[in-house]
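See structure below.
No value in this document is a laboratory result; all are computed from the given coordinates. Not measured: the values here are computed from a predicted model. With ideal geometry, Cβ positions are generated from the backbone for all residues, glycine too; neighbour counts draw on all protein chains shown.
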Amino acid sequence: MQNADTLLFLQAWEELHNPNFKVMEMNNFRLKHLEKRYSATPQKYIKQTNAIGIVFKSGRYGGTYAHKEIALNFCYWISPQFQVYMYKAFTALLEAEYDRQNLEWHISKITDNIDKVRNLLDTIPG
């Protein structure tokens, strides 16, 4: 919460996922933080901006919890090795999806050709 880029990421995430997000309040929150008027905490952030991506629970078994996309962003900051691993895994998933779609396209072309041949054979007398 002390990093300006983290606050920008949180704002972008909330704008995409939260229709009740208070953008103007977020801008004020970021400005106060950048001017070092006060420290940014999850509690203040949630209360002022109506954020849903981070949840704070006090008491026993309490803590600060984040949506998985926000948590991954924090993991990137903590570990550059983790970030590199995630890029590789994401690229591999994209390639696998492309291969799957490409295979489906080829199969559909083959079945289309089989249907054309069947229709052609049906037109032959006898």
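Determine the shape class of segment 79-126: with a ≥ b ≥ c the square roots of the Cα gyration tensor eigenvalues, call it rounded for a/c under 1.5, and otherwise prolate if a/b is greater than b/c, oblate otherwise.
Working: a/c = 13.01, a/b = 12.02, b/c = 1.08.
It comes out prolate by the Cα gyration axes.
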- Contact order relative to length for segment 1-78, counting C-alpha pairs under 8 Å separated by 6 or more residues, stands in percent at 27
- Given H placed 1.01 Å from N in the peptide plane, which residues other than close sequence neighbours of GLY53 have an amide H under 5 Å from its amide H? none
- Item | Only Lys, Arg (+1) and Asp, Glu (-1) charged, at Cβ; segment 1-120 dipole about Cα centre in debye | 640
- Message: What is the angle, in °, between the Cα long axis of helix 80-123 and the longest principal axis of the Cα atoms in the chain? Nearest 10 is fine, range 0 to 90.
- Response: 20
- State the label only: which of (i) 55; (ii) 46; (iii) 35 corresponds to percent of Cα pairs over 23 Å apart computed from the shown model? (i)
- Note on the structure: Ordered by number, the chymotrypsin sites (Phe, Trp or Tyr not before Pro) in segment 44-126 that occupy a DSSP loop and have at most 15 other Cβ atoms within 10 Å are TYR61
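If exposed trypsin sites (Lys or Arg not before Pro) are those in a DSSP loop with at most 14 other Cβ within 10 Å, what is the longest stretch of the chain that has none?
Working: sites that count: LYS36, ARG37, ARG60.
Formally, the longest exposed-site-free interval is 61-126.
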- So the angle from the long Cα axis of helix 23-34 to the longest Cα principal axis of the chain, reported in degrees to the nearest 10, equals 50
- Task: Could you tell me the number of lysine pairs in the chain with C-alpha atoms less than 25 Å from each other, where the two lysines are 8 or more residues apart or belong to different chains?
- Result: 17
- Computed helical MRE - 222 nm, the chain, DSSP H runs ≥ 4 contributing -39500 (n - 2.57), nearest 500: -24000 deg cm²/dmol
